[in-house]
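Chemist: Input: one structure, supplied below.
Coordinate-derived values only; no laboratory data. Quantities reported herein were computed from a predicted structural model and do not represent experimental measurements. Please note: Cβ atoms are built from the backbone with ideal geometry, for glycine as well, and neighbour counts cover all protein chains shown.
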Amino acid sequence: MRRFDGDKLVIASHNQGKLREMAELMKPFGVTVTSAADHNLDEPEETESTFVGNARIKAHFAAKSTGLPALSDDSGITVEALDGAPGVYTADWAETPSGRDFPMAMTKVWTLLEEKQAPAPRRAAFNCTLCLAWPDGHDEIFEGRVDGQVVWPMRGAEGFGFDPIFQPNGESETFGEMDPARKKSMSHRADAFAKLVAGCFG
């Protein structure tokens with residue numbers, strides 16, 4: 001596994017929240033973090049049908065365009081009874097002409113489960129794939145996951161996305177109800193980041 005020995009890293013995302021989170025995680029290693037937007041990069045088209053494939057597209061595009069190592073994240077929720085949907089299309093399910101509507105997307109998930117008469121527990125998982133790519137084309141992949149179930153009705157105003165209908169295994173609260181610090185400590189992203197740090201920065 002290739003170690004990261006530089007001091008600059010591009011986060012292949014235009015998402016300010018993601019940028020802040022990753023900058024915070026990189027702080028102990030003395031790494032200066034910039035975003036794709038800082039380099040005026042377009043967002044490449046995500047044409048793959050897997051989290052790994054789309055993470056690779058974003059990271060390699062940013063690394064090649066800037067000449068710096070780049071880190072990307074592709075994540076989403078997979079629902080077992082829906083054959084893994086929405087998966088890589090998690091954000092797409094919320095798209096409307098006036099922006100993303102996650103309550104609509106969550107209702108769609110539940111309606112489809114009801115139509116299928118899927119038995120309880122309605123198993124689901126949040127997945128996060130990180131790709132750290134170098135300008136020479138090398139990359140390292142780290143995958144994180146947290147298992148749980150889809151519950152209804154939506155519960156909680158914390159978090160974002162599909163958090164209000166996802167209850168992690170062994171917990172009584174949804175990610176939408178959970179204290180943000182607690183959610184962060186057990187999330188799919190935390191799992192993937194721990195592997196990234198151990199593999200390339202530790």
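Chemist: Calculate the spin-label point distance for Lys116 paired with Glu24, positioning each point 7 Å from the Cα along the beta-carbon direction, and give it in nanometres.
Modeler: 3.4 nm
Chemist: Here is a further query. Relative contact order (percent) for region 8-201, with alpha-carbon contacts under 8 angstrom and 6 or more residues of separation?
Modeler: 17 percent
Chemist: Mind listing the long-range amide H neighbours of Ala124? Cut-off is under 5 Å, sequence gap 5 or more, other chains count too, H placed in the peptide plane at 1.01 Å from N.
Modeler: Sorted by chain and number, the residues that satisfy this are Glu80, Gly148, Gln149, Val150.
Chemist: When a/c is below 1.5 the answer is rounded, else prolate if a/b is larger than b/c, else oblate, so apply that to region 110-190 with a ≥ b ≥ c taken from the square roots of the Cα gyration tensor eigenvalues.
Modeler: prolate
Chemist: OK, next. Starting from the Cα of Asp92, step 7 Å along the direction of its Cβ; do the same at Glu45; then give the gap between the two resulting points in nm.
Modeler: Output for this residue pair reads 1.2 nm.
Chemist: By the gyration tensor of its Cα atoms, with a ≥ b ≥ c the square roots of the eigenvalues, what is the shape of region 64-134: rounded for a/c under 1.5, prolate for a/b over b/c, or oblate?
Modeler: Because a/c hits 1.5 or more and a/b fails to exceed b/c, region 64-134 counts as oblate.
Chemist: Express in nm, to one decimal, how much length is gained between Phe160 and Asn15 on full extension, taking 0.36 nm for each residue of separation and deducting their alpha carbon distance.
Modeler: 50.9 nm
Chemist: Run the quick spin-label model on Asp7 and Trp152: label points 7 Å from Cα toward the beta carbon, then report their separation in nm to one decimal.
Modeler: If labels sit at Asp7 and Trp152, their model points lie 5.5 nm apart.
Chemist: If you don't mind, there's one more thing I want to ask. Counting pairs on different chains as well as pairs 8 or more places apart, how many Lys pairs in region 8-201 have Cα atoms under 22 Å apart?
Modeler: 18
Chemist: For the chain, what does -39500 (n - 2.57) per DSSP helix run (n ≥ 4), summed and divided by total residues, give at 222 nm, in deg cm²/dmol to the nearest 500?
Modeler: Working: 5 runs with 58 residues, N = 202.
Helices in the chain give a 222 nm mean residue ellipticity of -9000 deg cm²/dmol.
Chemist: Placing unit charges on C-beta atoms (Lys and Arg positive, Asp and Glu negative, everything else neutral), compute the dipole magnitude of the chain about its Cα centre in debye, rounded to 20.
Modeler: Using Cβ point charges on Lys, Arg, Asp and Glu, the chain gives about 400 debye.
Chemist: Something else about it: Positive end of the charge dipole of the chain (Lys, Arg +1 and Asp, Glu -1 on Cβ, about the Cα centre): tell me which of Thr47, Thr66, Gly6 has its Cα farthest that way.
Modeler: Toward the positive end, the furthest listed residue is Gly6.
Chemist: Compute the signed sum of charges (Lys and Arg +1, Asp and Glu -1) over the other residues within less than 10 Å, Cβ to Cβ, of Ala133.
Modeler: My count for the surroundings of Ala133 gives 0.
Chemist: Determine ³J(HN,Hα), in whole Hz, for all residues of region 28-36 in sequence, where each value follows from phi through the Karplus function 6.51 cos²θ - 1.76 cosθ + 1.60 and θ = phi - 60°; x replaces Gly and Pro.
Modeler: x, 9, x, 9, 7, 10, 10, 9, 4
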